[in-house]
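Presented below is the structure to which this report refers.
Each reported figure results from applying straightforward, stated rules to the coordinates on display, with no laboratory input. The structure presented is a predicted model; accordingly, all values stated were derived computationally and were not measured. Methodologically, a virtual Cβ is constructed for each residue, glycine included, from the backbone with ideal geometry; neighbour enumeration extends over all protein chains shown.
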Amino acid sequence: MEADGFSAAVQAEVAKRRIYCLTPDPLSILMWSHYSANHSGICLEFHTSNSLFTKAQAVIYEPEYPTILPEQLFTRDTVDKVILTKANCWCYEEEFRLIASPFLSDDEPLKLRNGYLTIPDHCLMSVIVGCKGDHEAVTDVVRKHSPATRVIRIIRAPNEYKLMMAIDRTV
C-alpha cells in the first residue's frame, strides 16, 4: 500500500469514530482562545465518576507521528494510538479523549447509538461561559432546560494574565 493510500485508510478508520476532547483545566487562556471563538463560547463541566468518563484516555504528546505497520492498520489499538497522539506543542492542553465507536458491544458506555454518544443522566454539573460569551443567553437556556445545572462566568483577573470563575448563585 502506498503512503497516501495508507494515510487515507487510517483516516477512514478514524472517521468511523467520534472523538470527544476533554480538559481538566477550564481556566486555560489558550484553550479558550483556540476552541471557544476567542473566549465567546462555552465549556461543559461533567461529573467524572461514572462509567462513561472513567473511559477517558490521556493524549500522548510526541515529536513524531506514531509508527504503524500495514498489518496493524485496522486494529482498535492502532486507531486509538493515532487518535490519542498529538504534537508536543499541544501539551499545555493536558487533554483527555473519549473515543466512541459503533463497533463496541451494546453494554459499553462508548458505544455510538445512531451516530451519537449517550451522556449519562445528571452528569452535567456546570455550563461555563467564556468572558466574551453571552452569559445572559446561556443562563436563559440553562434555566429552561436544566435548572439544576450551575452557570459559571469566566472573568479576567485584574492586573495579571489569568482567568477566574464567577459562579452565578441565582441559577
So I have (i) 1, 8, 17, 21, 21, 18, 10, 3, 1, 0; (ii) 1, 8, 14, 16, 16, 16, 12, 8, 5, 3, 1, 0, 0; (iii) 1, 8, 14, 15, 13, 11, 10, 10, 8, 6, 3, 1, 0, 0, 0, and one of them is P(r) over Cα pairs in 5 Å bins from 0, in percent calculated from this model. Which one is it? (ii)
Return one number: the angle in degrees, 0 to 90 and rounded to the nearest 10, between the long axis of the Cα atoms of helix 3-15 and the longest principal axis of the Cα atoms of the chain. 50
Helix 135-145: inclination vs the chain longest Cα principal axis, degrees, rounded to 10, gives 80
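Dipole size in debye (nearest 20) for segment 3-168 around its Cα centre, Lys and Arg Cβ +1, Asp and Glu Cβ -1? Each step should come with its number before you reach the end.
Numbers: 17 positive and 21 negative charges, 86 e Å.
For segment 3-168, the charge dipole is close to 420 debye.
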Tell me the relative contact order for the chain as a rounded percent, counting alpha carbon contacts under 8 Å between residues six or more apart. 27
List the lysines whose Cα sits under 22 Å from the Cα of K55, skipping any in the same chain fewer than 8 residues away. K16, K81, K86, K111
Charge dipole of segment 1-106 built from unit charges on the beta carbon (Lys, Arg +1; Asp, Glu -1), centred at mean Cα; most positive-end Cα among C89, C43, S7 is C43
Shape box of segment 43-92 [Cα atoms, principal axes, largest first, Å]: 39, 26, 14
In what order do Y116, Y35 fall by count of nearby beta-carbon atoms within 10 Å, going from fewest to most? Y116, Y35
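If you restrict to DSSP beta bridges whose two residues both lie in the chain, what percentage is antiparallel, to the nearest 5? Intermediate results must be reported in sequence, preceding the final value.
Working: 19 of 27 bridges.
So the antiparallel bridges in the chain amount to around 70 percent.
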May I ask you to sort D80, D25 by Cβ crowding, counting other Cβ atoms within 10 Å and putting the fewest first? D25, D80
Positive end of the charge dipole of the chain (Lys, Arg +1 and Asp, Glu -1 on Cβ, about the Cα centre): tell me which of Y20, M125, H145 has its Cα farthest that way. H145
Listed residues L44, L52, L69, most fluctuating in the chain (Gaussian network, C-alpha, under 10 Å): L69
Once phi is turned into θ = phi - 60°, what whole-Hz ³J(HN,Hα) does the Karplus curve with 6.51, -1.76 and 1.60 give for every residue of segment 96-111, x standing for Gly and Pro? 10, 9, 9, 10, 8, 8, x, 8, 7, 5, 4, 8, 7, x, 8, 6
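Within the chain, what's the longest stretch lacking trypsin sites (Lys or Arg not before Pro) that sit in DSSP loops with no more than 12 other Cβ atoms inside 10 Å? Write out the running numbers ahead of the final one.
Working: sites that count: K16, K162, R169.
No qualifying site falls inside 17-161, the longest such stretch.
Tell me the net charge near S101. Cut-off is 14 Å between Cβ atoms, S101 excluded, with +1 for each Lys or Arg and -1 for each Asp or Glu. Don't jump to the answer; show the numbers that get you there.
Working: positive: K16, R17, R18, K55, R76, R97, K111, R113; negative: E13, D77, D80, D106, D107, E108.
Residues near S101 contribute +2 overall.
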Check: C-alpha center segment 10-31 vs C-alpha center segment 51-84, spacing in Å is 13
